Amino acid sequence: MDNAILEKMLALKDASLEELHAKYAELFDGKKAASNNKTYLWQRIAYRIQEIEYGGLPAEALNKLKELTQEYDPINNQALRSYAVERHHASRDRRLPIPGTVINKKYKGTEIRVKTLEHGFEYNGRVYKTLSAVAKAITGDHWNGYSFFNL
């Protein structure tokens, strides 16, 4: 990578949120950033700087990514997600991921993995009826399951 490009990216690493928003608007044709997360903005800006300098992904690669998303990614593919949710319990809470999804959370230095089932959640080999029950098993205290798992 060219040192000038690297210096441009690193100079923005410690920029304020306002500076990052201004740079984002400059590089993305006046579009307003959809996030206030400094790390996210810096990464998007750094990628865009490289994209301008070296060119973006070839059309063939973009088409392949779209094809793979259509076929294999029910989380980001709204058509597959809608079908999967309809196929399962009609009154299922829309905040929940589709069955088979693994929810990851780091809690007190431990990586927690909870698998979403059609009717419940699996954690450490046990099936729980609600996310709140899983959170209580983990912490020993009552938690709102959606809040605990940031859903």
Count charges around Y123 for me, please; just the other residues with Cβ under 13 Å from its Cβ, Lys/Arg as +1, Asp/Glu as -1. +4
What are the ³J(HN,Hα) couplings of region 3-13, residue after residue, when phi is run through the Karplus curve with 6.51, -1.76, 1.60 and θ = phi - 60°? Round to Hz, x for glycine and proline. 4, 5, 5, 4, 5, 4, 5, 5, 5, 8, 4
Expected vector for region 40-45, Karplus 3J(HN,Hα) from phi with 6.51, -1.76, 1.60 and θ = phi - 60°, integer Hz, x for Gly and Pro, equals 4, 4, 4, 5, 4, 5
Taking 30 Å as R0, compute the FRET efficiency from the Cβ-Cβ separation of D141 and K66 and round it to 0.05. 0.10
Using only alpha carbon pairs under 8 Å that are at least six residues apart, calculate the relative contact order of the chain and give it in whole percent. 10 percent
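Would you work out the relative contact order for region 102-148, in percent, from Cα pairs under 8 angstrom that are 6 or more residues apart?
Reported relative contact order: 20 percent.
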Under a Cβ-Cβ cut-off of 10 Å, what is the net charge of the residues other than I112 that fall near it, where Lys and Arg count +1 and Asp and Glu count -1? +3
So what J values fall out for region 100-115 if you push phi through Karplus, 6.51 cos²θ - 1.76 cosθ + 1.60 with θ = phi - 60°, rounded to Hz, Gly and Pro as x? x, 6, 9, 8, 10, 8, 9, 9, 6, x, 10, 7, 9, 10, 10, 8
Under-17-angstrom lysine pairs by C-alpha in the chain, whenever the two are 8 or more apart or on separate chains: 14
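Laboratory data are not the source of any read-out in this text; all were calculated from the coordinates shown. Quick caveat, the model's predicted, so the values are computed rather than measured. Neighbour counts are summed over all protein chains in view; Cβ atoms, including those assigned to glycine, are modelled from backbone coordinates with ideal geometry.
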